[in-house]
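Comments concern the structure below.
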Amino acid sequence: MKPDIIKEFDQLTHNITAELDNIELQLRLASDTYQQELDALDYLDDKHGLTDELHARIYAQMKKQAIK
């Protein structure tokens, strides 16, 4: 595989992670409950399964909070 492809894919992965972090923070700030965060995902047009990742992140936060 060409090094350019690997570099481009690494950059894409980095950008997606940064954007998901940003969206997750925005959802958290705009919502009073985890359920509101999850419900907001229904309004996102998702062609690449990114809401699945956001759902997993929100669920992980819920679990972390419940353990405290």
Could you state the accessible area per residue of the chain in Å², with a 1.4 Å probe and every protein chain left in place? 84
Between Asp45 and His14, what length in nm is gained on full extension when 0.36 nm per residue of separation is reduced by their alpha carbon distance? 9.0 nm
Could you work out the helix-only [θ] at 222 nm for the chain, with each DSSP H run of four or more residues adding -39,500 (n - 2.57) and the total divided by the number of residues, to the nearest 500 deg cm²/dmol? -26500 deg cm²/dmol
Out of the total accessible area of the chain (probe 1.4 Å, heavy atoms of protein only), what percent is carbon and sulfur? 56
Semi-axes of the equivalent ellipsoid of the chain: what are they in whole Å, largest first, if each equals the square root of 5 times a C-alpha gyration tensor eigenvalue? 28, 14, 10
Could you pull out the GluC sites (Glu not before Pro) across the chain that fall in loop regions by DSSP (anything but H, G, I, E, B) with no more than 12 other Cβ atoms inside 10 Å? none
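The values are calculated or read from the model by the stated rules, or taken from the named source; none is laboratory data. Just so we're clear, the structure is a prediction, and the values are computed from it rather than from any experiment. Glycine gets a Cβ as well: all are built from the backbone with ideal geometry, and neighbour counts include every protein chain shown. Protein only, heavy atoms only, side chains kept; ligands, DNA and RNA dropped before computing areas. Shrake-Rupley method; radii C 1.70, N 1.55, O 1.52, S 1.80 Å.
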